[in-house]
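Take a look at the structure below.
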Amino acid sequence: MQLFYKIFLALFIVFIGINLYVIEWNLGFLAEENSTFVLSMSAAIVGIIVVFIMHTMSRLALKK
C-alpha cells in the first residue's frame, strides 16, 4: 500500500474515533444533536471504502 493511501486511511480512522468519542450516547445514536457526528463518521467510512477501491485498482493496473 502506498504512503498516500496509508495517510488517508489513518486520517479516516482517527476521524471515526473522534466522532465515536464525541457522540452523546444517552441521547441516542440518531438524535438531532448527534447528526453532524453521524454524518462525519459515515463520510469517513465511505472514505475508507474509496481508499481500498483505489488501492485495488492501482494494484490491478500494475499487473498489466
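With a cap of 11 neighbouring Cβ atoms within 10 Å, and only residues DSSP puts in a loop, list the GluC sites (Glu not before Pro) found in the chain. Before the final figure, lay out each step's value.
Values: sites: Glu24, Glu32, Glu33; in loops: Glu24.
Of the GluC sites (Glu not before Pro), the ones in loops of the chain whose Cβ has at most 11 other Cβ atoms within 10 Å are Glu24.
I want to check the label-to-label distance for Val46 and Ala10. Put each point 7 Å from Cα in the C-beta direction and report it in nm to one decimal.
2.6
Could you work out the relative contact order of the chain? I mean the mean sequence separation of Cα pairs under 8 Å and 6+ apart, divided by the number of residues, in percent. It would help to have the intermediate numbers written out before the result.
On the way: 32 pairs, mean separation 26.8, N = 64.
For the chain, the relative contact order is 42 percent.
Counting each DSSP H run of 4 or more residues in the chain as -39500 (n - 2.57), what helix-only mean residue ellipticity at 222 nm follows after dividing by all residues, to the nearest 500 deg cm²/dmol?
-27000 deg cm²/dmol
List the chymotrypsin sites (Phe, Trp or Tyr not before Pro) within the chain that fall in a DSSP loop (any state other than H, G, I, E or B) and whose Cβ has at most 13 other Cβ atoms within 10 Å.
Passing sites in the chain are Trp25, Phe29.
Give me log10 I(q)/I(0) at q = 0.12, 0.17 Å⁻¹ for the chain, Debye formula, one equal scatterer per alpha-carbon, no solvent.
Here log10 of I(q) over I(0) equals -0.39, -0.63.
Counting only protein heavy atoms, what percent of the accessible surface of the chain is carbon or sulfur at a 1.4 Å probe?
Roughly 74 percent, rounded to a whole number.
Taking only protein heavy atoms and a 1.4 Å probe, what accessible area per residue, in Å², does the chain have with all protein chains in place?
78
The values are calculated or read from the model by the stated rules, or taken from the named source; none is laboratory data. Only a predicted model underlies this, so the values are computations on that prediction, with no experimental measurement involved. Cβ coordinates were reconstructed from backbone atoms using ideal geometry, including for glycine residues, and neighbour counts include every protein chain displayed. Note: accessible area is taken over every heavy atom of the protein model, side chains too, but ligands, DNA and RNA are not part of it. Shrake-Rupley method; radii C 1.70, N 1.55, O 1.52, S 1.80 Å.
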